[in-house]
Amino acid sequence: MSPTPAVTSPSAGQEVTPQGDRPERKGERTKRRILETARRVFAENGFERATIRAIAVAAGVDKSSVIQYFGTKRELFRAAVHWEIPIRDLTTDDPTSSIDNYLRAMLSTWAADPDSPMAVLLRASMTSEEAAEILRDHISGEAVGALAETLDGPDARLRAALAGAMMMGIATQRYLLRMPDVAGADLEDVLRLAGPAMRAVIAPER
C-alpha cells in the first residue's frame, strides 16, 4: 500500500479559505470582515452618516484597526465599493454579442445585488458628493476608456461614455429608484429593447 499523504493543517492564526486556496492569515481575515461590514453599513446609512466607529463596532474590531488598514473613511469607502469592470473580457468581435455581455453583467450581476459594491456606490452617490466623485472616477477611469479602445470611428470616447450612461440609467431606474415599468420588466425584454439602442451608439450602421 502507498503511504497516506500527510495533511498539513493551517498554522496558528490561519484558516483555509472556502475556495481551498492558501490559508488566510488572521490579518487578512480581519481586513475582509471590515470591508464586508463597511459595505453593509454604508449601504444602510450612506457615506455621510456612516462612521469608522460604527463600522468598527459592527465588525467587532477596534477603531484603530480600521484606521490601520484603511486610513480614512473615504479610503475605506473606496475599497468597500470597488469592483472590477472587465470590459476587455466581455468584448467580442460581434458588437451585438458584446453589448449583450455588457448589459447582462450590469443588470444581472453588478447592480442586482443591493449589497454589491456597485449598488452601494450608486446609492451613496445620490446623497454624497464624495461618493459621486468616486463613482465618476471609477466609471471614467475603468469603463469608458477601456470601452473606447474597442470602438472604431470618430468620437469613440464620447460614444463609450453615452453607452455607459445608458447602462447606468437603466440600472439606477431598475434597482435603485425601482421605477415600476423598468423594475418590473423581464430582463430579456430589457435586453431585447436596450441592445439595439446601445448598438446605435457603439457600432452604428454605415
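Some notes on this structure:
- Checklist (1) of a type outside the set (D, E, K, R); (2) in contact with an Asp or Glu (Cβ under 9 Å, 6 or more places away or on another chain); (3) without any contact (Cβ under 8 Å) to a residue 24 or more places away in the chain; (4) farther than 25 Å from THR51 by Cα applied to ALA203, failing item: (3)
- Residue ID - farthest from GLN173 (Cα to Cα), chosen from residues in region 108-131 that are of a type outside the set (Ser, Thr, Tyr) and more than 14 Å from the chain's Cα centre (by Cα): GLU130
- Top-ranked residue in region 115-130 [being in contact (Cβ under 8 Å) with a residue 12 or more places away in the chain and farther than 21 Å from LEU162 by Cα; ranked as surrounded by the most Cβ atoms within 10 Å (Cβ to Cβ)]: VAL120
- Within region 164-196, if we keep just the residues that are of a type outside the set (A, V, I, L, M) and not in a helix (DSSP H, G or I), the residue that is nearest to GLY141 (Cα to Cα) turns out to be ARG178.
- Residue within region 93-103 that is outside the structural domain of THR37 (by TED's automatic domain parsing), closer than 30 Å to ALA50 by Cα and of a type in the set (A, V, I, L, M, F, W, C) present: no
The values are calculated or read from the model by the stated rules, or taken from the named source; none is laboratory data. Predicted model only: the values in this text are computed from it and were never measured. Quick reminder, even Gly has a Cβ in these numbers, built from the backbone with ideal geometry, and neighbours come from all protein chains shown.
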